[in-house]
1. Express the accessible area of the stretch 165-240 per residue in Å², computed with a 1.4 Å probe while the remaining protein chains stay in the model.
2. Testing the spin-label approximation: label points 7 Å from Cα along Cα→Cβ at Phe74 and Ile152. State their distance in nm.
3. Would you mind putting 89-100, 42-53 in packing order, based on average other-beta-carbon counts within 10 Å, highest first?
4. What does the extension gain come out to for Ile11 and Leu220, with contour length at 0.36 nm per residue minus their alpha carbon separation?
5. FRET efficiency for Glu47 and Ile180, Cβ-Cβ distance as r, R0 = 30 Å, nearest 0.05?
6. Under the 0.36 nm per residue contour assumption, what length would be gained going from the current alpha-carbon distance of His131 and Ile19 to full extension?
Amino acid sequence: MSKSLKLFLGISYIMILLIFLYLIFSYVEVSRLDDFLYYKELQIYLEKMIGKNLYMNLAIFFLFCLIWVSLLGFGSPLLLISGILFGKWMGTFISVLSISIGALILYSIASFFFKDLVSHLLEKRFLKYIHLFRKNEFNYFLAFRLAGGLGIPFGPQNVLPVIFNMKKSNYFFASFLGFIPMFFIWNTIGSGLNQYIKQADSFSFINLLLNRDIYLPIILFLIVILGSFMIKKRIFDDRN
């Protein structure tokens, strides 16, 4: 493929990303984001919509995640939304599967169109980790995912393996397994938020934190964060 065609396709990809983001955020009533009643209205509407056709809405959410993640979208909002819409168990499954595939699509796009750019931007910064990944790319990338991407934003961590030409099968399965703990916690928080909005008449931050469906996953979140620091220190830092 010629460089000019790659450039054209790359620019088209970026334009699609910008248009997609504009369309998504144009549906949000920004002026009502501080109105608790707005969230209750959304909760009622979404519950009715999901209840009408669960499988179709799962398919729509799945496709949305594929597009969102493949266009460098960040992951946390998707996890909260999946927990709100589908509950912690089904939400975890659909988000882990869809985001893993979306990340693989992004990785494939970056490998084909932006390999030189990714290498230029990230190789020097993460040079100390590259030789570890090359020793056993699956195990180290699984540890990398379990450690939350070592603090790297979600988009860049999805394209980082471009630097060491990771196999796509290893990329997918390491991502899928590595996402499960943190994704379950985020989905549990999303499910808890949904229940709180449904039951509360007004918003109270204290009451929200005292809600068992909120504070338990937050405690788990802190435990996972502590575990991620231990993984980073023992697996990545101590070997350099």
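1. Ligands and nucleic acids excluded, the result is 60 Å² per residue.
2. That separation, rounded to one decimal, is 1.8 nm.
3. In decreasing order of mean packing, 89-100, 42-53 become 89-100, 42-53.
4. Full extension of this stretch gives 71.1 nm more.
5. Step by step, r from the Cβ atoms, then E = 0.70.
6. 36.5 nm
The values are calculated or read from the model by the stated rules, or taken from the named source; none is laboratory data. Worth saying up front: this structure is predicted, and the values here are computed from it rather than measured. Please note: Cβ atoms are built from the backbone with ideal geometry, for glycine as well, and neighbour counts cover all protein chains shown. The accessibility values were calculated without ligands, DNA or RNA, using every heavy atom of the protein model including side chains. Shrake-Rupley method; radii C 1.70, N 1.55, O 1.52, S 1.80 Å.
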